[in-house]
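The values are calculated or read from the model by the stated rules, or taken from the named source; none is laboratory data. It should be emphasised that the depicted structure is a prediction, and the values quoted were computed from it without experimental measurement. Using ideal geometry, Cβ is built from the backbone for each residue, glycine included, and neighbour counts are taken over all protein chains shown. Surface areas here come from the heavy atoms of the whole protein model, side chains and all, with no ligands, DNA or RNA. Shrake-Rupley method; radii C 1.70, N 1.55, O 1.52, S 1.80 Å.
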Amino acid sequence: MNNKIFSPIKRRRLDIQGFTNVGDDLLTEVGPWLRLAFGLCTLLAFLGIALASTTIIWSLVPIAALGAIFPVHPFDLIYNFIIRKIIKTPPLPKRGAPSRFACGLGSVWLITVAILFQTGNTTSAYVLGGMLCVVGLLVSTIDFCIPSIIYRSIFGFPPKRELNVT
């Protein structure tokens with residue numbers, strides 16, 4: 001395993017997201033692609049919020065909800081059925097409960113932002129929407145998932161791994 005690609009900090013963040021039973025070798029290979037779903041959601045949410053487009057925001061709600069219900073996020077299918085065949089990598093591992101909790105929280109957050117825009121509470125919509133985008137940006141760039149930390153604070157954190165120092 002190349003520690004320049006896969007650090008103990010990244011491993012811990014992925015464990016917190018629910019990838020505790022996924023091997024380091026697989027996560028080293030596909031870890032960056034786990035960010036794709038959150039990155040696309042964040043990009044589309046940012047676009048919807050920047051344009052104050054309730055159509056875009058509402059269209060993300062079922063995508064986030066499906067990400068909460070199923071262990072494979074709908075945007076993971078882009079990687080699993082298209083990208084991985086081109087770059088010849090294995091499929092993404094299934095998402096654990098913390099990651100799915102994050103999607104559920106995201107869907108409620110999107111509904112709230114859409115309702116705020118629809119009811120003329122644009123300042124609140126922009127503030128709450130901006131916060132959503134920051135949270136999404138953190139998980140889609142450095143694997144730091146605040147909703148997964150909330151989940152783990154309620155249901156327990158996985159044990160810390162021992163560092164293999166050679």
Matching residues, segment 14-65, being among the hydroxyl-bearing types (Ser, Thr, Tyr) and within 25 Å of Pro90 (Cβ to Cβ): Thr20, Thr28, Thr42
Selection status of Tyr126, closer than 23 Å to Gly18 by Cα, among the aromatic types (Phe, Trp, Tyr) and modelled with pLDDT of 95 or more: no
Scan of segment 130-166 for residues that are charged (D, E, K, R) and at pLDDT 95 or above, ordered by number: Asp143, Arg152
Residue within segment 7-22 that is more than 23 Å from Ile154 (Cα to Cα) and more than 17 Å from the chain's Cα centre (by Cα) present: yes
The lone exception for Ile16 - which of (1) under 30 Å from Ile111 (Cα atoms); (2) modelled with pLDDT under 95; (3) buried (at least 20 other Cβ atoms within 10 Å of the Cβ) it fails: (2)
Test: residue in segment 24-34 that is within 14 Å of the chain's Cα centre (by Cα) and closer than 24 Å to Ser153 by Cα: yes
Test: Ala114 is of a type in the set (A, V, I, L, M) and in contact with a Lys or Arg (Cβ under 7 Å, 6 or more places away or on another chain): no
Only one of Leu36, Leu43 that is closer than 15 Å to Leu137 by Cα and touching a residue at least 12 places away in the same chain (Cβ under 8 Å): Leu36
Positions within segment 59-105 being among the hydroxyl-bearing types (Ser, Thr, Tyr) and either touching an Asp or Glu at 6+ places or on another chain (Cβ under 7 Å) or open to solvent by 20 Å² or more (accessible area, probe 1.4 Å) (or both), in sequence order: Ser59, Thr89
Test for Thr55: is it among the polar types (S, T, N, Q) and modelled with pLDDT of 95 or more: yes
Selection from segment 134-166 of residues that are within 11 Å of the chain's Cα centre (by Cα) and crowded, with 18+ Cβ neighbours inside 10 Å: Val135, Gly136, Val139, Ser140, Asp143, Cys145, Pro147, Ser148
